[in-house]
Amino acid sequence: MLRVALTGGIATGKSYCLSKFASFGVPVLDADKLAREAVVPGSPALAAVAARFGPTVMRADGSLDRAALGRIVFSDRAARADLEAIVHPEVYHRISEWFASMPKTRVAIADVPLLFETGHNHDFDRVIVTACTPAEQMRRLITRDGLSEADARARLNAQWPIEEKVARGDYIIRTDGTLADTDVQVKKIYEMLIVDF
């Protein structure tokens, strides 16, 4: 089985591409979902987050206030590193378990947004990078997520520049064009991965 990572910058179309691979019958996993599950109420990771960042990142019901935490970690590199040190080991453990439990299949794909930033690209047989221009990323963050320009820029600056990721990927999906353009690229890469197996 080919263990494939799908990565890219924020707002470069990773989720859309992952759903297209899934439509071809490829087993897929979203690491962002795993990160959310890692900090559910009562979890050791949430307790560690609360201990590190204090009560301002907690809601009255005991759940994590993601917006409050985001304001802290996207403006403070050390705080972001502390959060990653709490959450990422659990996420990568769950990804490894998922691949290990996979029934016989040719290809399985995990969407891992911070793959290169965390140095885990070598855990995978192939890496697919979704990419668009930084200006398009900004536009999507502002219109799709309702972020201010300053907040959108902070999120972009928290990740490696997209072209640096592109230079390290085995396959690239440019998402600047139409959805139909993206679909063609996804199908071509799917076909190459099946042959590559």
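The values are calculated or read from the model by the stated rules, or taken from the named source; none is laboratory data. Just so it is clear, the model here is predicted, and its values are computed rather than measured. As a convention, Cβ positions derive from the backbone with ideal geometry for all residues, glycine included, and neighbour counts pool all protein chains shown.
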From 31, 78, 47, grab the single residue that is aliphatic (A, V, I, L, M) and within 21 Å of residue 11 (Cα to Cα). 31
Taking residue 167 as the residue in question, decide whether it is modelled with pLDDT of 95 or more and over 25 Å from residue 24 (Cβ atoms). yes
Among the residues of region 79-96, are any outside any helix (DSSP H, G or I), assigned by TED's automatic domain parsing to the domain that holds residue 38 and modelled with pLDDT under 95? no
Which residue pairs have Cβ atoms closer than 8 Å, lie 6 or more positions apart in sequence or on different chains, and pair a first residue in region 124-143 that is in the same structural domain as residue 159 (by TED's automatic domain parsing) and outside any strand (DSSP E or B) with a second residue that is among the β-branched types (Val, Ile, Thr) and surrounded by fewer than 21 Cβ atoms within 10 Å (Cβ to Cβ)? 137/10; 141/10
Filter region 137-165 down to the residues that are surrounded by 15 or more Cβ atoms within 10 Å (Cβ to Cβ) and small (Gly, Ala, Ser), then identify the one that is nearest to residue 12 (Cα to Cα). 152
What are the residue pairs meeting all of these: first residue in region 68-85, first residue more than 11 Å from residue 158 (Cα to Cα), second residue not in a helix (DSSP H, G or I), Cβ atoms under 8 Å, and 6 or more apart or on different chains? 84/114; 84/118
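One line per residue, one yes/no per condition, for (1) surrounded by fewer than 18 Cβ atoms within 10 Å (Cβ to Cβ); (2) at pLDDT below 95; (3) of a type outside the set (Ser, Thr, Tyr):
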{"site": "42", "(1), (2), (3)": "yes, yes, yes"}
{"site": "46", "(1), (2), (3)": "no, no, yes"}
{"site": "51", "(1), (2), (3)": "yes, no, yes"}
{"site": "58", "(1), (2), (3)": "no, no, yes"}
{"site": "73", "(1), (2), (3)": "no, yes, yes"}
{"site": "76", "(1), (2), (3)": "yes, yes, yes"}
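Take residue 53 and tell me if it is in the same structural domain as residue 13 (by TED's automatic domain parsing), among the aromatic types (Phe, Trp, Tyr) and closer than 24 Å to residue 154 by Cα. Even if it seems obvious, please write down each step before you answer.
On the way: in the same structural domain as residue 13 (by TED's automatic domain parsing): no; among the aromatic types (Phe, Trp, Tyr): yes; closer than 24 Å to residue 154 by Cα: yes.
No.
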Out of the residues in region 105-136 that are among the β-branched types (Val, Ile, Thr) and crowded, with 19+ Cβ neighbours inside 10 Å, which is nearest to residue 16 (Cα to Cα)? 130
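Among the residues of region 27-46, is there at least one that is β-branched (Val, Ile, Thr) and touching a Phe, Trp or Tyr at 6+ places or on another chain (Cβ under 7 Å)?
Filtering region 27-46 for residues β-branched (Val, Ile, Thr) gives 28, 39-40.
If we keep only those that are touching a Phe, Trp or Tyr at 6+ places or on another chain (Cβ under 7 Å) as well, we get 28.
Yes; the residues of region 27-46 include at least one that is β-branched (Val, Ile, Thr) and touching a Phe, Trp or Tyr at 6+ places or on another chain (Cβ under 7 Å).
Please enumerate the residues belonging to region 1-27 that are over 21 Å from residue 159 (Cβ atoms) and outside any helix (DSSP H, G or I). Full working, then the answer.
Kept after step one, since they are over 21 Å from residue 159 (Cβ atoms), are these residues of region 1-27: 1-3, 19-27.
Listed by number, the residues that qualify are 1, 2, 3, 24, 25, 26, 27.
Is it the case that region 176-184 has a residue that's of a type in the set (A, V, I, L, M, F, W, C), under 28 Å from residue 46 (Cβ atoms) and exposed (fewer than 15 other Cβ atoms within 10 Å of the Cβ)? Walk me through it before giving the result.
Taking region 176-184 first, the residues of a type in the set (A, V, I, L, M, F, W, C) are 179-180, 184.
Narrowing further to those that are under 28 Å from residue 46 (Cβ atoms): none.
No, region 176-184 contains no residue that is of a type in the set (A, V, I, L, M, F, W, C), under 28 Å from residue 46 (Cβ atoms) and exposed (fewer than 15 other Cβ atoms within 10 Å of the Cβ).
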